[in-house]
1. Quick one: which of 100-111, 219-230 comes out on top by average Cβ neighbours within 10 Å, and what's the full order, highest first?
2. On a 0 to 90 degree scale, rounded to 10, what angle separates helix 83-96 from the longest Cα axis of the chain?
3. Rg and Dmax of segment 258-328, Cα atoms, in Å?
4. Computed over the Cα atoms of the chain, what is the ratio Rg over Rh, Rh following Kirkwood?
5. From the mean inverse distance of alpha carbon pairs (Kirkwood) and the Cα radius of gyration, derive Rg over Rh for segment 1-153.
6. Tell me which residues come under 5 Å, amide H to amide H, from residue 39 once H is placed; ignore anything under 5 positions away on its chain.
7. How tilted is helix 144-164 with respect to the longest principal axis of the chain? Cα atoms for both, answer in degrees (0 to 90, nearest 10).
8. Return one number: the angle in degrees, 0 to 90 and rounded to the nearest 10, between the long axis of the Cα atoms of helix 203-215 and the longest principal axis of the Cα atoms of the chain.
Amino acid sequence: MAKEIKKIGVFTSGGDSPGMNAAIRSVVRTCAYLNLDCVGIYRGYQGMIEGDFKPMDARSVNNIINKGGTILKSARCDEFRTPEGRKKAHDQLVSEGIHALVVIGGNGSFAGALLFNEEFDFPVMGIPGTIDNDILGSSFTIGFDTAINTVVGAIDKIRDTASSHNRLFFIEVMGRDVGHIALNAGVGAGAEEILIPEQNLGLERLLDSLKRSKKSGKSSSIVIVAEGDRTGKNVFELKEYVEEHLPIYDVRVSVLGHMQRGGNPTCFDRVLASRMGVKAVESLLEGKSNYMVGIRDTQLILTPISEAIKAHTDIDEELIRVSDIMTT
Ligand code: ATP
């Protein structure tokens with residue numbers, strides 16, 4: 001029979017995302033509601049290995065639902081990739097009396113949790129916290145909605161200057177492997193072209209589209225470029241390429257960078273995080289382990305972590321079509 005769970009450890013791992021604090025708060029308050037002890041583990045797997053623990057009660061998470069980043073800090077930890085590192089982490093959890101873990105993070109963090117469970121039969125439950133929205137088993141990850149709203153806000157501001165000066169802007173957004181941020185924010189901000197890792201439309205199409213745009217009388221143009229776009233050129237090389245082939249354009253580049261990770265989470269992310277935290281704790285108490293909480297069609301669902309980490313989510317083809325139509 002599974003050991004009774006009386007104390008749960010919660011931590012954030014990998015890249016931070018807005019809404020992680022709301023998820024921590026939810027896990028801590030659900031534990032308090034159910035009379036379970038809860039322990040915050042600082043700096044992800046690194047803190048687990050070092051025993052960087054702090055007991056948390058309902059009041060420890062006051063006034064954090066609106067804050068970006070993570071109060072528990074996050075880290076990448078190479079030692080946890082080794083059996084020795086994971087053994088140290090297990091020893092620390094046992095000596096603290098922790099019976100189960102809630103990990104808030106991305107694919108890598110889940111892969112680590114799965115291994116840990118296999119080696120020590122330690123109950124784990126995942127909550128997807130990443131701005132990339134790239135995790136199978138959830139239509140939305142915590143932080144994605146905030147990130148696309150941040151990007152749309154930035155593009156709106158850049159458009160003001162682009163249209164005042166009749167300029168073309170290349171705006172680089174996050175997304176090495178997936179183009180969800182680029183596509184959604186690009187459609188939301190009315191970009192002329194969106195270059196994503198999932199498809200290579202070729203430089204010819206880009207030039208054609210920009211020519212068409214100029215001909216149709218547009219006074220400014222915005223092209224969104226995901227970090228991992230497949231044209232083979234980075235955003236600065238794209239600028240040079242276009243200036244060389246279309247000298248009519250005055251081209252500028254803006255790399256949005258880490259501002260996309262920060263800021264106060266949107267209401268959507270706060271609500272999602274609150275729901276997922278409750279589901280994670282309640283599922284552990286039901287004896288479930290090795291699952292990730294996700295959302296599909298407004299319903300919370302559980303997906304085996306082994307499935308969730310198999311691949312990235314596919315790009316939304318329908319949204320690509322919408323984007324094509326909108327740039328007519
Ligand atoms: P993001 O999506 O923001 O990158 P992530 O959770 O995928 O978040 P990673 O850096 O890939 O971030 O992983 C976080 C940590 O999880 C790593 O630093 C490492 O400690 C642990 N980890 C990742 N992959 C493994 C693995 N295969 N085995 C053991 N531990 C792992």
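Each value in this text was obtained by applying a stated rule to the coordinates, not by laboratory testing. Keep in mind the model is a prediction, meaning the values are calculated, not measured. Cβ coordinates were reconstructed from backbone atoms using ideal geometry, including for glycine residues, and neighbour counts include every protein chain displayed.
1. Details: 100-111: 25.5, 219-230: 21.8.
My ranking of the peptides, most packed first, is 100-111, 219-230.
2. 50 degrees
3. Computed over the Cα atoms of segment 258-328, radius of gyration and Dmax are 16.4, 53 Å.
4. Values: Rg = 22.0 Å, Rh = 20.8 Å.
Ratio of gyration radius to Kirkwood radius: 1.05.
5. On the way: Rg = 14.9 Å, Rh = 15.5 Å.
Radius of gyration relative to Kirkwood radius: 0.96.
6. Sorted by chain and number, the residues that satisfy this are 8, 9, 10, 56.
7. 20 degrees
8. The helix 203-215 is inclined about 60 degrees to the chain.
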